[in-house]
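To keep things clear, I will list the structure first and then write my remarks on it.
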């Protein structure tokens, strides 16, 4: 619970073993006792006390640690509500921390990034942003703009002093530096998108080529059904696996062939759609059989896409090999594997690492943009920097130039939440889970 009356609600339901006035209880302490209703013990609990302003929300807060189990937790929650508490909205605790000034909007958004992290690198970047690394960078850029804005305001207020030439030179220099820093942040989103969303990878091929066996080999578990019968996979199966700290979103699709029923037809159309949308296509072919018209269709799907061809079942007598010119029309990257025996999987990882330059993604000493909202606002700020440079080159009056500079400041303020609408705030926190 968080809020001015949280301790009052707590006192009605919590009976500590050692009685103490709330004023005497220090923050960051834990008390042992019982949750009771009408003298009846509901559960034996530990209660943590956090006193304003030294808490997550900067308000008085308490946390009730009960025994596990839905019945007990639900009962304690009902007692809190019955005695004056209100159920939190999604993200309300973090929202209060933001509104009360403990964190900025950028840091608040990083909380959900940490919670939903699918890889160590994503979690690490989320923690960095929660600590305010990106916020600091944005503030530094803003401050360099504000330092020049002071001179602009002086020149506007005191036109009798002819300082336009000096001020214009300062503006130009500042805009060059700001553009350089913003473009570096914007460029980092390419890596940030990989860190956060991963590589969307479609596994395609004919029925029984070994798609599901490949998925199981990569995941090291029996996730997909593997049988001797064709067309087992009717819908897509999605799983994540990490390669060098980057999530690989694997999508096992329905086998591509002439459909035998309406359900399979839908699955095959979905497979083709997934292949078009994927960042990477892994096409798997049965090396013991020659290419068919269906294989040719698969090779067409791979054109102009990042793709890898896998010749499966190399433990058997092969008919296809990597020198087949027909295969090279689909992809120049051809590997031999045995999905059943898990041979060639490490080579596949290595090829993906090289293809997406995963070893070059370094986040320890770099600020990386992982949030699309931040990236779009930075791109908008860059456009406003360019417009401002044009006004300076056209020798526009300083008061006109200052309007364009304020647009840059507004874009940056929207990132950290200093200038942001209530609708945007509500939209951001609606993505949070309850209790955060």
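The values are calculated or read from the model by the stated rules, or taken from the named source; none is laboratory data. Keep in mind it's a predicted model, so treat the numbers as computed, not measured. Don't worry about glycine lacking a Cβ; one is built from the backbone with ideal geometry, like all the others, and counts go over all protein chains shown.
A few points about this structure:
- For the range 395-405, the candidate set comprises residues that are loosely packed, with under 15 Cβ neighbours inside 10 Å and under 12 Å from residue 149 (Cα atoms); within that set, the residue that is modelled with the lowest pLDDT is 399.
- Hits in the range 365-389 (condition: outside any helix (DSSP H, G or I) and within 12 Å of the chain's Cα centre (by Cα)): 368, 369, 370, 371
- Scanning the range 86-103 for residues that are surrounded by fewer than 18 Cβ atoms within 10 Å (Cβ to Cβ) and not in a loop (DSSP other than H, G, I, E, B) turns up just one, 99.
- Screening residue 354 on (1) loosely packed, with under 13 Cβ neighbours inside 10 Å; (2) part of a strand (DSSP E or B) shows it passes everything except condition (2).
- Residue among 142, 75 that is surrounded by 14 or more Cβ atoms within 10 Å (Cβ to Cβ), assigned by TED's automatic domain parsing to the domain that holds residue 405 and more than 21 Å from residue 429 (Cα to Cα): 142
- 1 or more residues at pLDDT below 80: qualifying strands (runs of 3 or more DSSP E) within the range 174-268: 237-243, 246-252
- Per-region count, the range 337-352, residues under 20 Å from residue 246 (Cβ atoms) and touching a helix residue (DSSP H, G or I) at 6+ places or on another chain (Cβ under 6 Å): 1
- Selected residue [outside any loop (DSSP other than H, G, I, E, B) and at pLDDT below 90] from 427, 418, 347: 427
- Residues of the range 421-436 satisfying the condition of being surrounded by fewer than 17 Cβ atoms within 10 Å (Cβ to Cβ) and in contact (Cβ under 8 Å) with a residue 60 or more places away in the chain: 430, 431, 433, 434, 435
- Condition broken by residue 409, with the remaining ones in (1) touching a helix residue (DSSP H, G or I) at 6+ places or on another chain (Cβ under 9 Å); (2) in the same structural domain as residue 149 (by TED's automatic domain parsing); (3) under 18 Å from residue 191 (Cα atoms); (4) surrounded by fewer than 19 Cβ atoms within 10 Å (Cβ to Cβ) satisfied: (3)
A quick yes/no check of all residues on (1) free of Cβ contacts under 8 Å to residues at least 60 places away in the same chain; (2) closer than 20 Å to residue 33 by Cβ:
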{"residue": "53", "(1), (2)": "yes, no"}
{"residue": "76", "(1), (2)": "no, yes"}
{"residue": "98", "(1), (2)": "no, no"}
{"residue": "106", "(1), (2)": "no, no"}
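- Per-region count, the range 145-155, residues under 25 Å from residue 102 (Cα atoms) and surrounded by 16 or more Cβ atoms within 10 Å (Cβ to Cβ): 1
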